[in-house]
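Report on the following structure.
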Amino acid sequence: MARIVTALALGTALTTGLGGLAQAQTLVYCSEGSPEGFNPALYTSGTTFDASSRAIFNRLVQFERGTTTIIPGLAERWEVSDDGLTYTFYLRDDVQWHSNDDFTPTRGLTADDVIHTFERQLNEDNPYHELSGGTYEYFISMGMPDLIESIERIDDYTVRFNLTRPEAPFMANMGMDFASIMSLEHAEAMTEAGTPELIDRRPVGTGPFQLVDYQQDAIIRYRAFDAYDWGEPALVENLIFSITPDPGVRYAKLQAGECHVMPYPNPADLQEMEEDPDVNLLQQEGLNVGYLAFNTEREPFDNVQVRRALAMAVNKDAIIEAIYQGAGVAATNPIPPTIWSYNEDVEDIPYDPEGARELLAEAGYPDGFSTDIWAMPVQRPYNPNARRMAEIIQADWAEIGVEAEIVTYEWGEYLARSNRGEHETLLLGWTGDNGDPDNFLYVLLSCDAAQNGTNRARWCNEEFDALVTEAKQTADREERIRLYEEAQVVFKDQAPWVTIAHSVVFEPVRPEVTDYRIDPFGGHIFYGVGLEQ
Amino acid sequence: MLRFLVTRVSLVIPTFIGVTLLTFALIRLIPGDPIELLVGERGIDPERHAELRAEMGLDQPLLHQYGIYIWDVLQGDLGRSVVTRQPVLHEFFELFPATLELSLCAMIFALSIGLTAGVIAAVRRNSVFDHTVMGVSLTGYSMPIFWWAILLILLFSVNLGWTPVSGRIDVIYWFDQPTGFMLIDSLLSGQEGAFTSAVRHLILPAIVLGTIPLAVIARMTRSSMLEVLGEDYIRTARAKGLRPQRVVGLHALRNALIPVVTVIGLQVGVLLTGAILTETIFAWPGVGKWLIEAIHRRDYPTLQGGILLIATAVILVNLTVDLLYGIINPRIRHAR
């Protein structure tokens, strides 16, 4: 990337710490890795979203920072037709695009940009569809190609989406990273210059920060975008991502004052961080669930009594203490309590080894049986140590005569094999994408999901499926809540999973950082975040 | 000399073929594929999975894939990263100067201390200094790099605040990098304090990366010197009344260096391997860190291309070392 030779206006401060930086209001974030690119539609990793969609771009609707509440974004208002098939978005007429060395915009945001953004992902004949590999996996996995029938330009600032079926979570989907709006004028200019791929590498967005420089694997520099005056603004002049893969080193940099915010702390460092005067350890219940799924297509897990018995034998409190070090809450439902429609009345299957033994005998297995527990090889917010968790469950099950062998594979292989249903029981989890209950209940437990693999329990229950399908197509929020609450009752009764825990997410920041909020979707957002002088 | 050169160079060809074959085969033996890792827990339906595999050419028979790869390599095309979609060659040369700068500094550190310590230990055989050097070098050689790095960071960066924790330069400095070597570019930038900052950032990673080569070089120099110091011609030189510094520095060291140079050549391979860990810990944006990412993401073209280019560098260095023998010791040149 061509670098603009500019010295930050920092005088000649010869300091390694952030004392000098603070004068120029530069916030340094020690990010965990390099973005794969700068077009969030092409990738699915949070690292890429942090570096692109959350800093540079906007969406038609957005999530209020630190919440799952949908608020106006590039669209200042919208209308949904009574049949739920048509969504009309009214765009702001004062939104400006960023500029860079290669491109200076001549106009602000219009409906053409919105259509360009979605047509590129949707339409194989779109001239930009194949650009940069054309892997729109998030868009595809959210079912958008089947859902969007057409997109119409009503006028410069009005755009209409026609859907093939009513889909209540559509609004929430429009707030997701892949729906970040890109500039058509930029795409055309770069194509004319013979470098169309630059639209994905040197992005032009409308957001609070504009990209100034990226040195691969080292540093990403952003500057606050002056013309962004309609949303929550950037409070610092410069934003820097200092790429630091090792969590121990990130913590050392935070301590040494080389960065202000770091993601994904090492669980072993949490206690020290809590006592560290140079660190504010923020924490929030994550929008996630860690679970153990039974492969319900296989014997004996097709028997609900067996599933309930095994769930009854698992001591969740011990797991939360040992694996989450107390930073988690036992999960009852498959959705976390922070998501609307969470059913408070559902009672968890109690820990009762004696009852489990009896139930197992009733189901025809008085002497138990042998099975496997698949343990993920990676650490995830919803499961910090799957191997250790599997060992605890193995011991719990041994108490009721069930012998389990722990199996693990390399991560890609683990996902591929479990997608094909080669497991008997497996540990996995999920972090929400858009705050809609559908994003857990339908995506992880519907009959459709049992076919495409995300339903790792391969559980297809007609009653549950009818409820979540109806809820997906119902516009009325109260009615949806009722349907989802009912679905959670069916889920608990049928026990396709042992719901294990909703974990707490930690983010260490330096004390001078103001109003940093943990994003429930796992992102790292820096507009609205300031530095005390 | 020409015949010697031709023989050595012709040996390089089978080595290259071996490297391409090995990397190609080994990385495909690692389970998992880039597509599964791209979508994660989200999953992907089998049809779309097959479609993407076909787009990446992964659905072809292995021999066919290898054939295409070799054909492209011969034309100078190492392919594009399946993750960033950038040409592998472009990414490599963008990052390689950082690795080279770090490795060179590590080597200078290892050589200057290793050679000196080895020579002094040999001359003062069985002294306290000798035992200390041998003990410390054995410890250095056995030190796990990541542990050593974290230890130094905690001591010098966090507790004492003498050196920065990681990176190549303070984030406050920002300038064009025409050469990719931070020491040179920071000087060219004319920004006050930039060069000092670049040097300070180099210290810890260079020490960490140079520790194992330093230990090997010190031990090798010592034993090689001891052998040479016992030779007749050294006794003759001493008997002639030459000053001890001249005997050791000129007569003994030059001959003792021959095996040491071999070891130094081999240590280049060690340095580049060590760079993978060192760069990851110190967030040093070089090819080592880049390759680790490629392994995690099963980015086959990046891995194949990166390893091939690093192997080329190692082969070239060793070739140079072989040629250097002739200069240091004419007997070798004539014997061949």
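Shielding by partners for A:38-45, please: the mean number of other protein chain Cβ atoms within 10 Å of each residue's Cβ.
Average per residue, whole number: 2.
Per residue in segment B:75-122, which ones lose no less than 40 Å² of accessible surface when going from chain alone to all protein chains (1.4 Å probe)?
In segment B:75-122, residues shielded by partner chains: B:Val83, B:Arg85, B:Gln86, B:Glu94.
Roughly how large, in nm² to one decimal, is the mean projection of the convex hull of the alpha-carbon atoms in segment B:152-263?
On the way: hull surface 42.1 nm².
Hull-based average projected area comes out at 10.5 nm².
Springs between alpha-carbon pairs under 10 angstrom, Gaussian network model over chain B: which of B:Ala106, B:Ala218, B:Ala122 fluctuates most?
Result: B:Ala122 has the largest fluctuation of those listed.
I'd like to check one number: the per residue accessible area of segment A:451-533, probe 1.4 Å, reported in Å² as a whole number.
36 Å²
Return P(r) of segment A:118-261 (all Cα-Cα pairs; 5 Å bins starting at 0; whole %; ordered from short to long distances).
2, 7, 12, 16, 16, 16, 13, 8, 5, 2, 1
Which far-off residues, 5 or more places away or on another chain, put their amide H under 5 Å from the one on A:Glu512, with H placed in the peptide plane?
none
Let me know the whole percent of all Cα-Cα pairs from segment A:353-494 that are separated by more than 28 Å.
30 percent
If one takes the accessible area of chain B alone plus chain A alone and subtracts that of the pair, with a 1.4 Å probe, what total in Å², rounded to the nearest 100, results?
Counting protein atoms only, the buried area is about 5100 Å².
What residues qualify as long-range amide H neighbours of A:Leu282, i.e. H under 5 Å apart, gap of 5 or more or another chain, H built at 1.01 Å from N?
A:Glu507, A:Val509
Kirkwood hydrodynamic radius, computed over distinct alpha-carbon pairs, for segment B:11-126: how many Å, to one decimal?
About 18.4 Å for segment B:11-126.
Lysines within cross-link reach of A:Lys253: Cα-Cα under 24 Å, excluding same-chain residues under 8 positions apart?
Candidates past the 8-residue exclusion: B:Lys289.
Have a look at segment A:248-270 and report residues whose accessible surface goes down by 50 Å² or more when the remaining protein chains are included, against the chain on its own, probe 1.4 Å, ligands and DNA/RNA excluded.
In segment A:248-270, residues shielded by partner chains: A:Val249, A:Glu258.
Between A:Asp348 and A:Val329, what is the label-point separation in nm under the 7 Å Cα-to-beta-carbon projection?
1.1 nm
Within the protein assembly as shown, what percent of beta bridges assigned by DSSP are antiparallel, to the nearest 5?
Values: 56 of 67 bridges.
Beta bridges within the protein assembly as shown, antiparallel portion: roughly 85 percent.
Report ³J(HN,Hα) in whole Hz for each residue of segment A:133-144, in order, from the Karplus equation J = 6.51 cos²θ - 1.76 cosθ + 1.60 where θ = phi - 60°; Gly and Pro get x.
x, x, 9, 9, 5, 5, 3, 5, 5, 7, x, 5
Could you tell me the largest-minus-smallest coordinate of the C-alpha atoms of segment A:359-400 on each of the three principal axes, in descending order and whole angstroms?
Principal extents (Cα only, largest first): 37, 14, 14 Å.
Run the quick spin-label model on B:Phe93 and B:Arg53: label points 7 Å from Cα toward the beta carbon, then report their separation in nm to one decimal.
With each label placed 7 Å out from Cα toward Cβ, I get 3.5 nm.
Please list the non-local residues whose amide H lies under 5 Å from the amide H of A:Tyr291, H modeled 1.01 Å from N, same-chain partners needing a gap of 5 or more.
Amide H neighbours of A:Tyr291: A:Leu428, A:Gly429, A:Ile500.
Taking all protein chains as present, what is the carbon and sulfur share of the accessible area of chain B, in % to the nearest whole number, probe 1.4 Å?
Roughly 69 percent, rounded to a whole number.
So if we plug the beta-carbon distance of B:His64 and B:Arg235 into 1/(1 + (r/R0)^6) with R0 = 60 Å, what FRET efficiency do we get, rounded to 0.05?
Efficiency computed from Cβ-Cβ geometry: 0.35.
Work out from phi, with θ = phi - 60° and the Karplus expression 6.51 cos²θ - 1.76 cosθ + 1.60, the ³J(HN,Hα) of each residue of segment A:517-533, listed in order in whole Hz, and give x for Gly and Pro.
10, 6, 7, x, 8, x, x, 10, 10, 10, 6, x, 9, x, 10, 6, 5
For A:Lys492, give me every one of the lysines with a C-alpha distance below 21 angstrom, ignoring sequence neighbours fewer than eight places off in its own chain.
A:Lys316, A:Lys472
How about segment B:153-259: which GluC sites (Glu not before Pro) there are in a DSSP loop, with at most 16 other Cβ atoms within 10 Å of their Cβ?
B:Glu192, B:Glu231
Can you pull the Rg over Rh of segment A:213-311, Cα-only, Kirkwood?
Value, to two decimals: 1.21.
Would you kindly derive the ³J(HN,Hα) couplings of segment A:120-130 from the backbone phi angles with the Karplus curve 6.51 cos²θ - 1.76 cosθ + 1.60 (θ = phi - 60°), listing them in order in whole Hz, with x for Gly and Pro?
3J(HN,Hα) across segment A:120-130, in whole Hz: 4, 7, 8, 9, 5, 8, 4, x, 9, 4, 7.
Seen from all sides and averaged, what is the projected area of the convex hull of the Cα atoms in chain B, in nm²?
For chain B, the mean projected area of the Cα convex hull comes to 22.7 nm².
How big is segment A:305-416 by Rg and Dmax over its Cα atoms, in Å?
Rg and Dmax of segment A:305-416, Cα atoms, are 15.1, 42 Å.
Could you give the accessible area per residue of segment B:189-336, probe 1.4 Å, as a whole number in Å²?
Accessible surface, normalised per residue, equals 41 Å².
Can you give the convex hull volume per residue for the Cα atoms of the protein assembly as shown, as a whole number of Å³?
194 Å³
What does the convex hull of the Cα atoms of segment A:51-99 come to per residue, in Å³, rounded to a whole number?
Values: hull volume 5.1 nm³, N = 49.
Dividing the Cα hull volume of segment A:51-99 by its residue count gives 105 Å³.
Send over a whole-number figure in Å² for the accessible area per residue of segment A:100-234, probe 1.4 Å.
Spelled out: the 1.4 Å probe surface of segment A:100-234, per residue, equals 35 Å².
Can you pull the mean other chain C-beta count within 10 Å for peptide A:444-455?
If you average over the peptide's residues, the count of other-chain Cβ atoms is 2.
So what is Rg over Rh here for segment A:469-510, counting just Cα atoms and using Kirkwood for Rh?
Result: Rg/Rh = 1.22.
Exactly which GluC sites (Glu not before Pro) in segment A:464-533 are in a DSSP loop and have at most 16 other Cβ atoms within 10 Å?
A:Glu512, A:Glu532
The values are calculated or read from the model by the stated rules, or taken from the named source; none is laboratory data. Everything quoted here is computed from the prediction, not taken from an experiment. Note: ideal-geometry Cβ built from the backbone for every residue, glycine included; neighbour counts use all protein chains shown. These area figures cover heavy atoms from the full protein model, side chains too; ligands, DNA and RNA do not enter into them. Shrake-Rupley method; radii C 1.70, N 1.55, O 1.52, S 1.80 Å.
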